[in-house]
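Quick note: the coordinates plus some simple rules give every number you see, no bench work behind them. Keep in mind that what you see is a predicted model, and the values were worked out from it rather than measured. Every residue, glycine among them, receives a Cβ derived from its backbone with ideal geometry; neighbour counts consider all protein chains shown.
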Amino acid sequence: MDDVHSDWGDWLLRAVEEADPDGLAVWYLGCNGFVVKASDGTTLFVDPYLGTGDPPRTVRMIPVPFDPTDVREADAVLATHEHTDHVHGPSQAPILAGTGADFYAPDAGLDVVEEEDWTGEWDVAREQLVEVGEGDTFEVGGVTVHVAAANDPDADHPVSYVFEHAGRTFFHGGDARPGEAFERVGERFDIDLGVLAFGSVGRIPDKETGEPTRTRWYSDENMVVEAAAQLDLDRLLPTHWDMWKGLTADPTALFEHARSFDAPRRVEVHQIGDRTDV
């Protein structure tokens, strides 16, 4: 497996370590990755991807924010679904090996772990690999994690996550699009901040033929606002718009799309490395 290299050094990881949030703080890692830190120090990584894609088909457009071997504090790594930019051995296995954190993923994600042989290629124990499914609830330190369904037609078994701590609620929807699954989450939880994948329809080379092909992987402007309304989000943070050449988008367009809806009540645009408090 290829090693991951970042030109950013370790400053972002050290900033997370030094942070002392009142409730929950999150840092955007680009693509759909986040670090979540609670007031008790519990630290979780969600969908951290530190690879460069598979050029020329998928080309990373943003920096790699850190080396996974530099992570010193992590209690869990969570994956929303099995795609490479969400389950990726070179990005995630060194975090598990270096910190002893557990890895939570649905069954299709753990199939990728098996195929990539995380326990053989890296110092990862099978006891660190935990399968999750819709309806599960578990505790990681002081954070309660709820596993919910997700509508992602491109994935074999996607899930979404609701994180609760100290009266704050953070939602990570993976790459999912609007649907009944989000309506159920919105009815059950009062979400302070939710992240949803947003991107354009573009042309990228077909995996088999190499021919440029019209491709939709994420919600467009109308779809992401529809999903945010289903979830009844107080704050929407769009993700993934920065990542792939040919599928990037302008997140400021969402301000106008959201203006006539009751939710989301606020749209926030963050760049890779930015922190916000929930």
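Odds and ends about this structure:
- Positive minus negative residues near P48 (Lys, Arg vs Asp, Glu; Cβ under 13 Å): -4
- Residue order, fewest to most surrounding Cβ atoms within 10 angstrom, among F261, F34, F182: F261, F34, F182
- Length gained on full extension, D7 to R57: 15.7 nm, using 0.36 nm per residue less the C-alpha separation.
- Computed about its Cα centre, the charge dipole of the chain is approximately 940 debye, with only Lys, Arg, Asp and Glu carrying charge at their Cβ.
- For the chain, DSSP calls about 65 percent of its internal beta bridges antiparallel.
- Value at 222 nm in deg cm²/dmol, rounded to 500, when DSSP H runs of n ≥ 4 in the chain each add -39,500 (n - 2.57): -6000 deg cm²/dmol
- Model label zone, R265; criterion: amide N under 14 Å from point 7 Å along Cα-to-beta-carbon; scope segment 184-203: 190-194
- A simple spin-label model places the labels of E17 and D123 1.7 nm from each other, with each point 7 Å out along Cα-to-Cβ.
- Ranked T169, T276, T80, criterion: other C-beta atoms within 10 Å, fewest first: T276, T169, T80
- Three-way shape label, segment 1-156, alpha-carbon gyration tensor, a/c 1.5: rounded
- Taking the fewest neighbouring Cβ atoms within 10 Å as the starting point, the ordered list for K207, K37 is K207, K37.
- Linear extension gain, D156 paired with D40, 0.36 nm per residue minus alpha-carbon span: 38.3 nm
- Rounded if a/c under 1.5, otherwise prolate or oblate - the chain, Cα gyration tensor axes: rounded
- As a ratio to 2.2 N^0.38 Å, the alpha-carbon radius of gyration computed for segment 164-205 takes the value 1.48.
- Computed magnitude of the charge dipole of segment 111-196 (debye, nearest 20; Cβ of K, R +1, Cβ of D, E -1): 580
- Neighbourhood net charge (14 Å Cβ-Cβ; Lys/Arg +1, Asp/Glu -1) for Y28: -2
- Cα gyration tensor shape of segment 220-278, rounded if a/c is under 1.5, else prolate or oblate by comparing a/b with b/c: oblate
- Only Cα sites of segment 118-249 enter the Debye sum here, all with the same form factor; the resulting log10 I(q)/I(0) across q = 0.10, 0.13, 0.14, 0.16 1/Å is -0.40, -0.64, -0.73, -0.88, listed in q order.
- Among beta bridges that DSSP assigns inside segment 63-163, antiparallel share in %, nearest 5: 60
- Net charge over other residues, Cβ less than 12 angstrom from the Cβ of D192 (K, R count +1; D, E count -1): -2
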